[in-house]
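Below you'll find the structure, written out as structure tokens, and then a few comments.
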Amino acid sequence: MTHLAALHRKLKTLSGAPLHPEVPGLCAQVQEGGIDRRSFLRTVALLGVSAASAKAFLGEDLIGSALAQTPKAGGKLRFACAVQELKDPALTTWIEASNLFRNSLEFLTEVDADNITHPYLAESWTPSEDLKTWRFKLRPNVKWSNGDWFTTEDVAFNFKRWQDPASKSSNRTSFAMVKEVKVLNELEFELILDRPVLSIPEMLYAYTCPMVHRKFDEQGGDWAKNPIGTGPFKLVEYAVSRTARFQKRPDYWGKADGNSALLDEIAYIDMGTDVAAHIAALAAGQVDVLYRVTIAEIDLVQKLPNVTLLKENAAQTLVLRMQADQKPFDDIRVRKAVVLAADNAKMLQLAYRGQGVVGENHHVAPFQPEYFKLPEVKRDVAAAKKLLADAGHTNGIDLELTLGNTQGKWEQDTAQVLQQSLAEAGIRLKLNVLPAAQYWPIWDKVPFGLTYWAHRPLAVMTLDLAYRSGAAWNESHFASKEFDAALDKAMAIVDPKARSKAMETVEKIIQDAAVMVQPYWPANFSAISNKVQGHRAHPAHYFRMDRVWLS
């Protein structure tokens, strides 16, 4: 233990405060091989340990490949993606819109492509031993683009509007455990929780959590009309479904720390929903980055010269969910029949060419840190037929699935494979395919719907939003006090192995409730010109552009 104690002393917290009492145990586990490198780094970072000291503790090279090329400043980057409404960041439901906000609005924390949390507008955080009090300290030199200082007044304002009972933001659910935002001074504040939660710093990088100015609502509550931000770029041109243009800010606060943006300008170009047209533009040198490449185009992109196809495993998924309080899905036998007749592996293979991981109908991915491997539930058409007969549907049943191809036609392809599989059990499935713009207003209202869920670094973040009783985005209307309590318990555990074990109960409850067919975890694809440097694919499909440069 003397050797371990010496290594332990190498770790430093961001705030200079003593290490959290759980950290020594994590040190021992990673040294003994009980947890892997990434689990260690993720967890100690959440507890306020600096990533640099944690990597040094592991004996890792902190220089890496940073010396490979010297970034070049200047130039205009052209980005093909949807240009959506930029009104209220807390109400954002599309990652594309959040990526535009990201140029001008910043977050308290940042979660990197390895799902490790780092300081951003907050320079440090310190959790209490019981994880119910979190003290944050802001960077002292941050200014808004209108010249105002960024202070704890801004932070308190954001939390207040997120938690307003009338708020329609998913943040109202995510931060429901925050019972007080205690402002200590202009740079320090505490979040006082009503239950212990480990993931607070990670949750603050959700795409709905950028900081807006304290007078945001007072000045109209429409960001595009008054685009004040702390970020390195300013919005100079904007038209929904057409274009958005951002220019580098010469007065950006980060410039003093050597963190000024490299690009002079970013132009976002909305080219419609035909991804083939996006690829043609990339091939012709008319754009430099494609936000999305669908499974249908990956072969074509791989053949393009001077273009790189980016692939990232991600905890994004399709959820074909049934509303548990709506007929006929209020009968669990009908829901279980649908789940047992579905062929998840076949949907992945035929609809997504096997480019992903089969789902287990509980919305926790094998590559998320809390995942617990449950015994496999095998497809059983005979059992599905018996359940339907027991429910009084001796001649089968007619169901309708509504979807909107919000991420591409592969959604419909998945539904068609499901349609064929359910037919074997006497379930006659009609597909109601709507344009994406018509689907989103009703996504949480139809009894049986197919919804795309974006990646989140921790499964508990998704489960908290989607399946907790009364949660903002609980589209299945699932409600279980047992599930809520089990989720609370898992969210409070620091030890990665113990947290995974606690998730066994969480996963089993939601799987047994049969509120969804969650067929697979599709890989993320995007594409960039080879002249685009400094970008690393992020599993959440976030594009932070201030580090990007053109060679």
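If you model segment 63-215 as an ellipsoid using its alpha carbon gyration tensor, with each semi-axis the square root of five times an eigenvalue, the axes come out at 27, 20, 16 Å, biggest first.
In Å, the Kirkwood hydrodynamic radius of segment 179-293 over pairs of distinct alpha carbons?
Its Kirkwood hydrodynamic radius stands at 17.9 Å.
Give me the extension gain from Q219 to D36: residue separation times 0.36 nm, minus the current Cα-Cα distance, reported in nm with one decimal.
Details: separation 183, 0.36 × 183 = 65.88 nm, distance 4.82 nm.
The span from Q219 to D36 would gain 61.1 nm if fully extended.
For K303, list the lysines whose Cα falls under 29 Å from its own Cα; do not include residues on the same chain fewer than 8 positions away. Cα-Cα hits under 29 Å: K72, K76, K311, K346, K409, K531. When the Cα atoms of segment 261-407 are aligned to their principal axes, the ranges along those axes come out at 64, 32, 30 Å in descending order.
Based on the alpha carbons, how large is the Rg to Rh ratio for the chain when Rh follows Kirkwood?
Values: Rg = 23.7 Å, Rh = 24.7 Å.
Checking Rg against Rh, the ratio lands at 0.96.
Considering segment 351-396 at the alpha-carbon level, its Rg and Dmax are found to be 15.4, 44 Å. Each residue, D264 and D251, gets one label point 7 Å from its Cα in the Cβ direction; the gap between the two is 2.1 nm. Measuring against 26 Å, Cα to Cα, the residue pairs K137/K215; K137/K255; K385/K430; K10/K143 contain K10/K143 as the ones spanning a longer distance.
If you plug the beta carbon distance of E376 and R428 into 1/(1 + (r/R0)^6) with R0 = 41 Å, you get a FRET efficiency near 0.90. Calculated from the alpha-carbon coordinates, segment 397-551 shows an Rg and a Dmax of 18.9, 59 Å respectively. A straight chain from D444 to E129 at 0.36 nm per residue would run longer than the Cα-Cα distance by 109.6 nm. Over segment 474-551, the pair-distance histogram of Cα-Cα distances with 10 Å bins from zero comes to 14, 28, 25, 20, 13, 1 percent, rounded to whole numbers. Within the chain, what whole-number % of the accessible surface is contributed by carbon and sulfur, with the 1.4 Å probe and all protein chains included in the calculation? Roughly 50 percent, rounded to a whole number. When you work out D = kT/(6 pi eta Rh) for segment 358-470 at 37 °C and 0.692 mPa s, using the Kirkwood radius from C-alpha pairs as Rh and the Stokes-Einstein form, the result is 202 µm²/s.
Please give the net charge around F157, taking every other residue with its beta carbon less than 9 angstrom from that of F157, where Lys and Arg add +1 and Asp and Glu add -1. Overall, the nearby charge balance is +1.
Computed per residue of the chain from DSSP H runs no shorter than four, each worth -39500 (n - 2.57), the mean residue ellipticity at 222 nm is -8000 deg cm²/dmol. Extension gain, K386 to A28: 0.36 nm times the residue separation minus the Cα-Cα distance gives 123.7 nm. Taking every alpha-carbon pair in segment 480-520 and binning the separations at 5 Å intervals from zero gives 5, 24, 28, 20, 15, 7, 0 percent.
Using the Cβ-Cβ distance between S551 and E482 with R0 set to 41 Å, the FRET efficiency works out to roughly 0.15.
When only the Cβ of Lys, Arg, Asp and Glu is charged (+1, +1, -1, -1), the dipole of segment 31-121 relative to its Cα centre reaches about 320 debye. Each residue, Q326 and D194, gets one label point 7 Å from its Cα in the Cβ direction; the gap between the two is 2.9 nm.
Normalised by the number of residues in segment 260-332, the average gap of Cα pairs under 8 Å and 6 or more apart makes the relative contact order 16 percent. Given in Å, the Rg to one decimal and the Dmax to the nearest whole number for the Cα atoms of segment 40-134 are 17.4, 49. Solvent exposure of the chain, expressed per residue, is 40 Å² of accessible area, with all protein chains present and a 1.4 angstrom probe.
The values are calculated or read from the model by the stated rules, or taken from the named source; none is laboratory data. Everything numeric in this text was worked out from a predicted model, so none of it was measured. Cβ coordinates were reconstructed from backbone atoms using ideal geometry, including for glycine residues, and neighbour counts include every protein chain displayed. Only protein heavy atoms, including side chains, enter the accessible area calculation; ligands, DNA and RNA are left aside. Shrake-Rupley method; radii C 1.70, N 1.55, O 1.52, S 1.80 Å.
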